[in-house]
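The values are calculated or read from the model by the stated rules, or taken from the named source; none is laboratory data. Note that this is a predicted model, so its numbers are computed, not measured. A quick note on method: Cβ atoms are made from the backbone with ideal geometry, for glycine too, and the neighbour counts reach across all protein chains shown.
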Amino acid sequence: MASVQAAFNNPCSEHQVGSSACPTCYVCGALGEPLYDGLKDRLYGSSGTWNLKRCPGLDCGLVWLDPMPNQEELYRAYRTYYTHRPIPDSLVYRFRQSVKRGYAGLAYGYGQRVSLLDRLLALPLVFLPSLREQAAANGLMYLRGEHTGRLLEIGCGSGAFLDGMQQLGWQVEGIDTDPQAIEIARSNYSLNLRKGSLSEQRFPNATFDAVVMCHVFEHVPDPRALLSECRRILAPGGTLVITTPNILSLGHRRFQSAWVHLDPPRHLHIFSLDSLGSIVADSGLIPKTLRSTTRWAQGVCTLSSYIRRDGVTQMGRGGNWHIKLRSVLFRSMESFALHLDKAAGEELLLIAKKSETEV
């Protein structure tokens, strides 16, 4: 906590991110309305203050930064990002990985590639819906194992996800714009990784059977262009999976400007079900699943509670006992709320397909 507070109180000029005015909605072009003003980087201490606008359209609801960080300077906000941390090598971490593999074998068609022991360890997940969601997302990005093939992760970070999918039979590749994250991933795993944006890689048409992005979409200056490129590089019938924060979540409704997923200046656009569905429909991809999930509910409550109390927080922070208890209760409350309101979850999940007939 002390290091985060120090970075917050003593911003370095190297962390200053330039910006430009962005008054209109990226999705529908409407003039934005002020939502929050004067927000600071509450996680990693980059300097500056940031304002958020909200689209007034009832069928949109996008939230974005205005002014918007300049793309060529965004790297300054990632100097101490969580992907720069070493991969944990503990019994707890290894146990969690075994449970994820086990669930892949039990429920997602990877049975022949998963040991009996791992499948037995994962059996309790059958009775725990929230943990099933964690395993399906963290370990698999909802990709089934009956038809493995070439898989690309955009924003591969530490490389842990790709390593797990490689063990399950996928031919994996990863890209990330952060050179330090790429270096760390290469030092930990034997993976085919590239530095830069997706457009810079110039992959041939129909290269991949699946493309995934886990909490990357909100960081992208031009989401439509990214979706278009994903469609181009997907094989006919290929799958795109995106997870991204949900601006209409119960967490945002509760914590307002202290909601951790606002994350200025790194989160450029924060979507609703309607706004995400709109640009996916425009892209020509075929949505198969578009819903919210409660996967981040407990962590969001913990981190947002610290932001509300202290003005800053720290990724991986567990919280004292009363914050932990409130966070567990909040997760349960959000799970119940999701039965009444499909937009209550902290995270949006999109699973889309490229047409079988499109080359």
Check: Would region 54-68 turn up any residue that is in contact with a strand residue (DSSP E or B) (Cβ under 8 Å, 6 or more places away or on another chain), part of a loop (DSSP other than H, G, I, E, B), in the same structural domain as Phe336 (by TED's automatic domain parsing) and not polar (S, T, N, Q)?
Finding: no
Margin query: I'm checking my understanding of the structure. Among residues of region 27-78 that are more than 19 Å from Ile247 (Cβ to Cβ) and among the hydroxyl-bearing types (Ser, Thr, Tyr), which one is surrounded by the most Cβ atoms within 10 Å (Cβ to Cβ)?
Written below: Ser46
Item checked: Selected residue (only one of Val312, Val300 is part of a helix (DSSP H, G or I), buried (at least 19 other Cβ atoms within 10 Å of the Cβ) and of a type in the set (A, V, I, L, M, F, W, C)) -> Val300
Check: Restricting attention to region 28-48, which residues are part of a loop (DSSP other than H, G, I, E, B) and touching a residue at least 12 places away in the same chain (Cβ under 8 Å)?
Finding: Cys28, Ala30, Gly32, Lys40, Asp41, Arg42, Leu43, Tyr44, Gly45, Ser46, Ser47, Gly48
Item checked: Whichever residue in region 1-17 is in a loop (DSSP other than H, G, I, E, B) and in contact with a Gly (Cβ under 9 Å, 6 or more places away or on another chain) and, among such residues, is modelled with the highest pLDDT -> Val17
Check: What do you reckon, is Arg202 out of contact with any Pro (no Cβ under 7 Å at 6 or more places or on another chain), of a type in the set (Lys, Arg) and free of Cβ contacts under 8 Å to residues at least 60 places away in the same chain?
Finding: yes
Check: How many residues are surrounded by fewer than 19 Cβ atoms within 10 Å (Cβ to Cβ) and more than 18 Å from the chain's Cα centre (by Cα) if we restrict to region 129-147?
Finding: 4
